[in-house]
Amino acid sequence: MRGRAWLMMTAMLALSACGEAEAPASPETAAPGASMLADGPSAEISTVAATDLPQGVRNAVLARVPGMKIAEAERKARGGKIFFDVEGMRPDGSEVELDLIEEAGQYRVVEMQRDIAWADAPAAVRTAAGAAADAFTPARVIESTQEDGTVVYELFAPGKADEPATEVNWKDGKAVLRSERNEY
C-alpha cells in the first residue's frame, strides 16, 4: 500500500512538471510571504509631549517645516543612538512626520514622511515591489524623503503594522528594492 501511494505521488509530481509554467502572481493577488527586509533592531520607545521636546528638536523641526503644529512625538533609543519621530500638521493642514537623529548634542532631520495611497506611488516603484518573490498589496504606504533626495517607499504588509515588510528606493527615475533598513 505504501509503495503504491509513493508511486502515485511521484507520477502526479512528474505530470505537474510537464504543464506550462505559471506566471508569477501579481502583487494584487500574491499572499504576503516572508519579509524582504529582516526585522529591525528593537528600540526603547517613549512618548514625549510636544511641550517637553528638547529645544534642539523643536528648532530643527520648525526650520524644516516652518509653522508646523507639533501633535505628538516619540523618543527612540536604539544601538546607542537617540532618535525622535515628530508628527504634526503643516500650516496648510496636511499631516507630516519628521525623523531626527541626535549627533553630539545636535538634532538633524534625516527624513520627512507622509502616508500615501499605493496607487499614488510611481509606476516604477509599484513594478519593482511587484517583482519581488513575496509581493503583496500594501495595507499602508509611507513616502519618506531622505536628505539626499532619495524617496523611500515603506510598504506595510496586511496585518503587520509594526515595520515595513518591503522598502523601495526611488531616485533619478529608478526604483530599486532595498535589502537593508535605515538605522532610523
Please list 3J(HN,Hα) in residue order for region 125-132, calculated via the Karplus relation 6.51 cos²θ - 1.76 cosθ + 1.60 where θ = phi - 60°; whole Hz, with x for glycine and proline. 5, 4, 5, 4, 5, x, 7, 5
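Starting from 0.36 nm per residue, how many nanometres of slack lie between Glu163 and Arg90 once their C-alpha separation is accounted for? Could the numbers behind the result be given before it?
On the way: separation 73, 0.36 × 73 = 26.28 nm, distance 2.49 nm.
Stretched fully, the Glu163-Arg90 segment lengthens by 23.8 nm.
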Residue by residue through region 144-157, what is 3J(HN,Hα) from phi via Karplus (6.51 cos²θ - 1.76 cosθ + 1.60, θ = phi - 60°)? Round to whole Hz and write x for glycine and proline. 10, 8, 8, 4, 8, x, 5, 10, 9, 9, 8, 10, 9, 6
Using the basic label-point model (7 angstrom from Cα toward the beta carbon), what is the Asn59 to Asp120 distance in nanometres? 3.3
List every residue whose amide H lies under 5 Å from the amide H of Arg140, counting only residues 5 or more places away in sequence or on a different chain, with H placed 1.01 Å from N in the peptide plane. Phe156
Using a Cα-Cα cut-off of under 20 Å, which aspartates and glutamates could be cross-linked to Lys171, ignoring same-chain neighbours fewer than 8 residues away? Asp99, Glu111, Asp115, Asp120, Glu143, Glu147, Asp148, Glu154, Glu180, Glu183
Taking a ≥ b ≥ c as the square roots of the eigenvalues of the Cα gyration tensor of region 117-179, is the shape rounded (a/c under 1.5), prolate (a/b larger than b/c) or oblate? prolate
In nm, spacing of pseudo-spin labels at Asp172 and Gln146 (7 Å Cα→C-beta vector): 1.3
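No lab work stands behind these numbers, since they all come straight from the coordinates. Model, not experiment: these values are computed from the prediction. Cβ: placed from backbone, ideal geometry, glycine included. Neighbour counts: every protein chain shown.
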